[in-house]
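A short reminder: the numbers here are calculations on the coordinates, not readings from a lab. Note that the structure is predicted; figures quoted are calculated from it, not measured. Neighbour counts are summed over all protein chains in view; Cβ atoms, including those assigned to glycine, are modelled from backbone coordinates with ideal geometry.
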Amino acid sequence: MRRKLLLGNWKMNKTPTEAVEFAKEAKELGKLARSNKVDMGVCVPAVDLAPVKKILKNTLIVGAENCHYEEKGAYTGEISIPMLKDLNIDWVIIGHSERRTYDNETSEKCNKKILALLKNNMVPVYCCGESLETFENNGTREFVKEQIITGLKDVSKEDAMKVVIAYEPIWAIGTGKNASTEIAEDVCGYIRKVLRDIYGAKVANKIRILYGGSVKPNSVKAYLSQKDIDGALVGGASLDVNSYKELLTSYIY
Ligand code: 13P
């Protein structure tokens, strides 16, 4: 049985002051999630990690939005895995489409990051998803398959079980235009098939696959009721404690 996972992605939002305000209010939320056997957390900007983790350490998962694959060195502006480990941060979003679009993040680069995270016993949340053009040309499966195969190259069976995959169609991110539950399930089911072909059914059935793209309190339950959707990666609706709480309660009640 795969445990459900709700993960927020704050993107480039919230100053440390604002982040602390959220974290203080969100403590209760973590307890509610846990008592309902849902894993829940927020991935936050680098400068917010330390203060937010300090407040939420035993309640919500606190993750980063990116990391570098090298341990240290001349990479101005980057954040290393040892820096994250020092803050007890174990979860990192890798390959979000915004980073792929604006920061030249390729699946090859994601692969290096994923391997480095797994070597450190951390959890990569590996994002994949197609553009509107690819979707309209019926190219989704082929596109996503390539992202998965390249991103997970050389990841062992044992490590693959620790990876979380997030399917986020680019055309559904921040647009209010979400993929229907049928489309989301179809692609997430296909991703599981790709994983099965690489790792076998036993491993593929253990990997959590999230849907992301305009998930709101009124749609979360329908997504999470799908066979191959194990949770959601949530942007806008995770920025406000009340709407994030509503997301959880809409799912559990
Ligand atoms: P929205 O929920 O704001 O569409 O963002 C989705 C997303 O990109 C999460 O990573």
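For the reader, a short list of remarks on this structure follows.
- Taking 0.36 nm per residue of separation and subtracting the current Cα-Cα distance, fully stretching the chain between D154 and T15 would add 46.3 nm.
- Relative contact order of region 135-239, taken over Cα pairs closer than 8 Å and 6 or more residues apart, is 30 percent.
- Positive-end residue of Y190, A160, N178, charge dipole of region 154-208 with Cβ unit charges: A160
- Extending 7 Å from Cα along the Cβ direction at D103 and again at V47 yields two label points whose distance is 1.5 nm.
- Size of electric dipole in the chain: Cβ of Lys, Arg +1 and of Asp, Glu -1, about Cα centre, debye, nearest 20: 1020 debye
- For region 134-150, backbone phi angles converted through the Karplus equation (6.51, -1.76, 1.60; θ = phi - 60°) give residue-by-residue couplings of 5, 4, 5, 8, 6, x, 4, 4, 4, 5, 5, 4, 4, 4, 5, 4, 5 Hz, Gly and Pro being listed as x.
- Around the amide H of L6, modelled in the peptide plane, lie the amide H atoms of D39, M40, G41, A232, all under 5 Å away and 5 or more residues distant in sequence or on another chain.
- Amide hydrogen neighbours beyond the local backbone of V92, cut-off 5 Å, H modeled: A64, V123, V125
- Here the gap between F143 and N120, fully extended at 0.36 nm per residue and compared with their Cα-Cα distance, gives a gain of 5.4 nm.
- Shape call, region 128-175: gyration tensor on alpha carbons, a/c limit 1.5: oblate
- Extreme residue, positive dipole direction of region 22-71, given options L56, A46, N36 (C-beta unit charges): N36
- Per-residue 3J(HN,Hα) values for region 89-94, derived from phi via the Karplus relation 6.51 cos²θ - 1.76 cosθ + 1.60 with θ = phi - 60°, read 8, 10, 10, 9, 6, 10 Hz in sequence order (x marks Gly and Pro).
- Neighbour-count order for L152, L56, fewest beta carbons within 10 angstrom listed first: L56, L152
- Cα centroid separation, region 186-253 to region 110-153 (Å): 16 Å
- Exposed loop sites are taken as GluC sites (Glu not before Pro) in a DSSP loop (any state but H, G, I, E or B) with at most 14 other beta carbon atoms within 10 Å; the longest stretch of the chain without one runs 72-253.
- Whole-Hz couplings from phi, Karplus 6.51/-1.76/1.60, listed for region 213-227; x for Gly and Pro: x, 6, 6, 10, x, 7, 10, 4, 5, 4, 5, 6, 7, 6, 4
- Electrostatic bookkeeping for W171 treats Lys and Arg as +1 and Asp and Glu as -1; over the other residues with beta carbon under 13 Å from its beta carbon, the sum is -3.
- Amide H partners (placed H, <5 Å) of G129, local residues excluded: E168
- Label-to-label distance, nm, for residues given as I183 and A201 (7 Å Cα→Cβ offset): 3.1 nm
- Cross-link table K11/K53; K14/K177; K54/K145; K157/K177, entries beyond 26 Å C-alpha to C-alpha: K54/K145; K157/K177
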